[in-house]
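Taking it in order: structure first as structure tokens, then the write-up.
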Amino acid sequence: MSKPELIPDDDYRELLEELKQQIRTAQVKAALAVNRELLLLYWQIGCDILVRQQAQGWGAKVIARLSKDLKQEFPEMKGFSARNLGYMKTLAEAWPEESILQEVLAKIPWYHNITLLEKLKNRDERLWYAQKVIENGWSRSVLVGQIENGLYQEKKGIVTNFEQTLPRPQSDLAHQLIKDPYHFDFLLVEENIQHQDLKRYVIAHMREFLLELGIGFSFVRRNYPISVGGQDFNVDMLFYHLKLRCFIVIQLEIDEFRPEQSGRMNFYLSAIDDAERGEYDQPTIGIILCKTKDRTIAEYSLRSLQNPIAVAEHRLPKTLPSKEQLESELENAVREIGGEPES
């Protein structure tokens, strides 16, 4: 009688994990292949209905008739309701090119595609959200929420180099947490406000500014001092983001974005990483908030920089406060934050 074979537990567990991963990978590939073929079938059905209606003048009643006959012929298959056939026609109308279907839309589930068709009219916006579904694995409910929250409108103007300077998923998360534009409706500012005054007014309304930045930002200090090569420098505002687990430098610019601002920000981020970044902190991120920006100039300015930087715009109201209001706001802010007001 032969002895039972002894297999080391560690070796067995390693083999089991490898096989489980291979099976999961195969399941995902199979599901994607099925989804792709299903979407291409739906698109072709939609194209056929569309062509016949346009060429022969058939009305909407043909869809109800087709639904009845197709369900009778293929009782084991779902998806041939009159409503779904209508979506197939809409899909064909929205995407006449099969190439886009193959490259992007066939990679997301059918009901995600329906959501894009129902809730969005703009082609570029639909494609943008489809790409985000692929990149982030959004469920349909998350996709609906992002559309209703206007994520595309917030993100389309942002210029960053996050993909080149941050690992995923840190780069994705950082991009999702930054808006464009930022609205400073809580400020009462003069039309010809100066740079230093803008910083002071924002500090005076730090609570409102943090709400505009979004959840997770923690204020560290204004005019944060750094020393490099025996020279002293100050960054406008330093924050720490609890979810990103990194410091964030914000520079406020009163006018349009200029290329030299990105170089200065890159310098600040390197200095703060060396001075403040802890063992478990992610790379420090810089946000340049300006009145306006030329997208191409901003993209060129960030392209070769080693540190993660975003360029976004701010929107200022045009209401002139009284001198007494401004002085009172600044005095209150100084008491809350500590320190003396800037001269």
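Only the coordinates and a few stated rules stand behind these numbers; no lab work does. Here the structure is a predicted model, which is why all the values come from computation and not from measurement. Cβ sites come from the backbone with ideal geometry, for glycine too, and all protein chains shown count toward neighbours.
I'd like to verify a number: residues in region 46-67 that are outside any helix (DSSP H, G or I) and surrounded by 11 or more Cβ atoms within 10 Å (Cβ to Cβ), how many?
1
Quick one: would you say R123 is surrounded by fewer than 17 Cβ atoms within 10 Å (Cβ to Cβ) and in contact with a His (Cβ under 7 Å, 6 or more places away or on another chain)?
No: the conditions fail for R123.
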